[in-house]
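Colleague: This is the structure, below, for whatever I ask next.
The values are calculated or read from the model by the stated rules, or taken from the named source; none is laboratory data. Since this is a predicted model, take the numbers as computed values, not measurements. Backbone-built Cβ (ideal geometry, glycine too); neighbour counts: all protein chains shown. Each accessible area value is taken on the protein alone, full model and side chains, heavy atoms only, with ligands, DNA and RNA left out. Shrake-Rupley method; radii C 1.70, N 1.55, O 1.52, S 1.80 Å.
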Protein chains: 2
Amino acid sequence: MAVTMNDVARAAGVSLKTVSNVINNYEFIRPTTKQRVLNAIDELGYETNLTARSLRSGKTSMLGLVLADLSIPYYAELASDIMKAAWDRGYRVLVEQSGNEADHEKAALQGQFRSLTDGLLFIPLALDAEQIIEAAGNKPLVLLGEFVEDPRLDMVLIQNHSAAAAVTTHLLAGGRRRIAVLGANDGDTTGSNGLRLSGYQAALAAAGVEYDPALVVGCDWRRDGGADATARLLDSGVAFDAVFGLNDALALGALHELLVRGKKVPDDVAVAGFDDIDEARFASPSLTTVAPGRTEIAERAVELLINRIEAKGSISDVQQPEAAFSLRVRQSAP
Amino acid sequence: MAVTMNDVARAAGVSLKTVSNVINNYEFIRPTTKQRVLNAIDELGYETNLTARSLRSGKTSMLGLVLADLSIPYYAELASDIMKAAWDRGYRVLVEQSGNEADHEKAALQGQFRSLTDGLLFIPLALDAEQIIEAAGNKPLVLLGEFVEDPRLDMVLIQNHSAAAAVTTHLLAGGRRRIAVLGANDGDTTGSNGLRLSGYQAALAAAGVEYDPALVVGCDWRRDGGADATARLLDSGVAFDAVFGLNDALALGALHELLVRGKKVPDDVAVAGFDDIDEARFASPSLTTVAPGRTEIAERAVELLINRIEAKGSISDVQQPEAAFSLRVRQSAP
DNA sequence: ACTGGTGGATACATCGTTGCAGATGAGGCC
DNA sequence: GGCCTCATCTGCAACGATGTATCCACCAGT
């Protein structure tokens with residue numbers, strides 16, 4: 001049915017291997033021969049069977065990307081950047097949604113998904129470093145440093161601590177003293193939640209402002225999580241003049257709830273987030289947030305992973321590049 | 001390096017084919033033999049090589065999904081739903097971003113991308129029906145009826161006309177008479193823009209309200225497109241008491257711009273959109289919009305495509321199921 | 001005892017490529 | 001003229017699975 005190299009070879013009057021050589025840009029081919037083959041390819045409409053190539057060469061030229069859900073804007077935007085970066089280097093990306101469930105994450109690391117890809121980009125949410133190391137085979141693996149940090153694993157780091165401190169410092173500079181935090185629980189020290197919380201605490205300490213655990217509210221990192229948490233906070237009567245959502249979804253949920261409840265933003269309460277998703281710019285009021293360097297993260301991660309894949313032999317040290325962040329001051333916290 | 005069926009066969013003391021039979025749940029295998037094989041698989045940590053299976057069987061169990069860009073929320077949410085629907089039926093989804101460029105779309109339809117998938121889901125933006133038919137090979141293809149409609153192609157339809165009419169009717173019922181439209185140009189009749197515009201016009205006509213081309217502003221279907229268009233409208237001095245963004249991004253951009261300019265929404269100007277992306281619920285004020293049945297679209301499309309793939313032989317008529325829509329009345333246009 | 005049917009297992013070819021080793025032939029050099 | 005070199009091309013054997021055909025027991029039926 002499909003045209004194969006054999007057909008092309010016959011049509012061009014050369015051997016199958018020569019066709020293969022032409023396609024793979026083998027150096028020593030007479031220009032006339034090459035042209036003859038190319039013509040035949042054109043005429044027959046031949047297309048390389050990537051499956052066969054993969055089987056023979058042992059490479060699929062696909063990267064796996066494991067994340068919670070594409071419907072979450074930050075992941076969608078990150079995935080888009082990753083796919084572009086991969087494309088530029090001749091790789092495609094196969095996305096697997098884990099739904100933030102440990103089973104799915106494990107399955108993605110171990111399962112058949114792996115055999116389809118040359119390496120994995122992984123945004124762990126449910127698994128910890130130990131489980132990841134155990135579950136991951138010998139396939140190249142690069143983490144996107146959202147939640148897990150571990151010296152044994154390649155990963156691209158977000159400056160969770162510093163960036164959160166920068167946001168907090170900005171709010172403090174605006175005169176805010178009672179800054180609520182959404183998305184972490186008092187005492188968290190690991191993961192994005194813990195690291196961002198500690199950045200917040202450090203900034204408070206540096207400014208000589210007391211830390212009040214009552215201002216720290218844990219919840220799902222989604223818009224409705226932020227809205228609910230804000231509602232609880234308002235209902236509880238705890239006073240606050242700013243809200244720091246540990247990601248933009250939380251902040252946007254909080255923003256929504258505050259406005260619904262008749263609070264003025266930023267006059268009564270300032271709001272800031274983390275991620276700088278596209279939506280933040282167009283919220284009303286627009287959302288002050290910190291850009292963690294999404295495009296840089298995507299490119300570094302893809303580059304690191306592809307280096308691992310293509311330099312299989314050389315065992316080099318674990319790499320953990322860190323992406324630069326930048327504060328985006330907008331209306332919600334000027 | 002990797003464990004193959006051969007290794008398992010040797011370990012279990014059976015033939016390679018028996019291992020294959022066990023894995024593929026062949027009926028007639030002695031339970032003891034089966035157990036022996038399963039044990040060996042477990043011990044050796046064998047995993048099916050999907051590439052080899054694909055080569056031999058001619059199926060990749062992957063669906064291609066061609067869309068403009070995952071960073072656009074509606075596509076991201078749709079992609080997420082599609083991946084879930086496909087997963088349930090044992091297929092994976094390989095996403096290709098066309099960036100809304102004709103070349104990329106064509107390449108996706110023709111190129112190597114196709115050889116990796118059993119069939120394609122395609123959200124055409126740049127190509128028209130003629131070009132699609134020409135470029136598409138004999139691979140199963142299902143369009144997501146955003147922009148292109150054609151009786152020769154399988155597709156899942158959105159009720160562009162009726163849904164847009166419903167939104168317009170709702171705005172009219174709220175007492176609005178000067179409803180601006182963002183995202184179409186006067187005279188458009190095809191594509192989502194044209195169909196939605198004609199729905200708008202039909203609703204106006206039904207209510208006996210005159211159609212004013214000055215209220216129709218074409219622009220990119222993105223947040224900043226909507227913001228810019230709204231700015232131009234305001235600057236031009238054309239009076240309007242409602243804005244209908246032909247998708248939510250446009251409406252949210254408009255919302256943003258209106259609030260920036262000091263307009264009260266919905267008091268001065270009502271705003272409505274189209275798509276019901278997650279963000280719409282949490283905008284401030286929350287956005288009135290119409291849900292085109294995203295999940296249903298995803299499921300129908302996946303189902304239709306898989307039916308085509310698996311029932312290759314039977315040539316049946318072109319199918320064009322239509323998804324049900326529903327109006328979501330929120331604060332921006334109560 | 002012989003035939004036929006069936007459960008249970010196997011051998012071999014094959015999918016479409018690429019890696020490796022080798023064949024061919026035209027010059028160049030002594 | 002013979003030998004070596006090197007560009008150019010070819011043939012064969014994989015990669016790891018599955019489809020087809022076949023084979024071997026073993027039991028039922030006559």
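Colleague: Before we move on, is B:Ser54 among the hydroxyl-bearing types (Ser, Thr, Tyr) and either under 28 Å from A:Lys59 (Cβ atoms) or not in a helix (DSSP H, G or I) (or both)? Can you show your working first?
Modeller: Values: among the hydroxyl-bearing types (Ser, Thr, Tyr): yes; either under 28 Å from A:Lys59 (Cβ atoms) or not in a helix (DSSP H, G or I) (or both): yes.
In short, yes.
Colleague: Go over the candidates A:Ala251, A:Ala298, A:Ala229, A:Ala280 one by one and state the one that is in contact (Cβ under 8 Å) with a residue 40 or more places away in the chain, within 15 Å of A:Thr168 (Cα to Cα) and in a helix (DSSP H, G or I). I'd like the intermediate steps shown before the answer.
Modeller: Values: A:Ala298 fails: within 15 Å of A:Thr168 (Cα to Cα); A:Ala229 fails: within 15 Å of A:Thr168 (Cα to Cα); A:Ala280 fails: within 15 Å of A:Thr168 (Cα to Cα).
Just a single option satisfies the conditions, and that option is A:Ala251.
Colleague: Which residue pairs have Cβ atoms under 9 Å apart, sit 6 or more places apart or on different chains, and have a first residue in the stretch B:53-73 that is assigned by TED's automatic domain parsing to the domain that holds B:Asp220 and a second that is in a helix (DSSP H, G or I) and among the acidic types (Asp, Glu)?
Modeller: none
For every residue, the table says whether it meets (1) open to solvent by less than 40 Å² (accessible area, probe 1.4 Å); (2) within 21 Å of A:Leu116 (Cβ to Cβ); (3) under 20 Å from the mean Cα position of the chain (by Cα); (4) not acidic (Asp, Glu).
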| site | (1), (2), (3), (4) |
| --- | --- |
| A:Asn25 | no, no, no, yes |
| A:Thr32 | no, no, no, yes |
| A:Gln35 | no, no, no, yes |
| A:Arg56 | no, yes, no, yes |
| A:Gly64 | yes, yes, yes, yes |
| A:Met83 | yes, yes, yes, yes |
| A:Leu94 | yes, yes, yes, yes |
| A:Glu101 | no, yes, yes, no |
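Colleague: Hey, among the residues in the stretch A:140-155 that are modelled with pLDDT of 85 or more and open to solvent by 10 Å² or more (accessible area, probe 1.4 Å), which one's nearest to the other protein chains (Cβ to nearest Cβ)?
Modeller: A:Pro140
Colleague: Now for a separate question. Identify the single condition in (1) over 17 Å from A:Pro292 (Cβ atoms); (2) in the same structural domain as A:Arg92 (by TED's automatic domain parsing) that A:Gly145 does not satisfy, given that it satisfies every other one.
Modeller: (1)
Residues are listed down the side, and each one gets a yes or a no for (1) on the phi < 0 side of the Ramachandran plot; (2) modelled with pLDDT of 90 or more; (3) away from chain B (no Cβ under 14 Å):
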residue: A:Gln201; (1), (2), (3): yes, yes, yes
residue: A:Ala205; (1), (2), (3): yes, yes, yes
residue: A:Glu210; (1), (2), (3): yes, yes, yes
residue: A:Asp224; (1), (2), (3): yes, no, no
residue: A:Ala227; (1), (2), (3): yes, yes, no
residue: A:Val238; (1), (2), (3): yes, yes, yes
residue: A:Asn247; (1), (2), (3): yes, yes, no
residue: A:Ala251; (1), (2), (3): yes, yes, no
residue: A:Ala272; (1), (2), (3): yes, yes, yes
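Colleague: Please work out which residue is nearest to the chain's Cα centre (by Cα), limiting yourself to the stretch B:229-265 and to residues that are open to solvent by less than 10 Å² (accessible area, probe 1.4 Å) and of a type outside the set (A, V, I, L, M).
Modeller: Filtering first and then ranking leaves B:Asp248.
Colleague: I would also like to ask the following. Quick test of your reading of the structure: A:Ser192 fulfils all but one of (1) in a loop (DSSP other than H, G, I, E, B); (2) buried (at least 17 other Cβ atoms within 10 Å of the Cβ); (3) among the small types (Gly, Ala, Ser). Name the failing condition by number.
Modeller: It fails just one condition, (1).
Colleague: Further question: Going by the structure shown, is B:Arg294 closer than 25 Å to B:Leu70 by Cβ and more than 14 Å from chain A (Cβ to nearest Cβ)?
Modeller: Details: closer than 25 Å to B:Leu70 by Cβ: yes; more than 14 Å from chain A (Cβ to nearest Cβ): no.
Spelling it out, it is not the case that B:Arg294 is closer than 25 Å to B:Leu70 by Cβ and more than 14 Å from chain A (Cβ to nearest Cβ).
Colleague: Can you tell me which residue in the stretch B:11-47 is nearest to DNA strand C (Cβ to nearest atom), limited to those that are assigned to a helix (DSSP H, G or I) and within 14 Å of chain A (Cβ to nearest Cβ)? It would help to see each step written out before you state the result.
Modeller: Filtering the stretch B:11-47 for residues assigned to a helix (DSSP H, G or I) gives B:11-12, B:16-23, B:31-44.
Add one more test, that the residue is within 14 Å of chain A (Cβ to nearest Cβ), and what stays is B:23, B:41-42, B:44.
Working: B:Ile23: 12, B:Ile41: 14, B:Asp42: 18, B:Leu44: 17 Å.
It comes out as B:Ile23.
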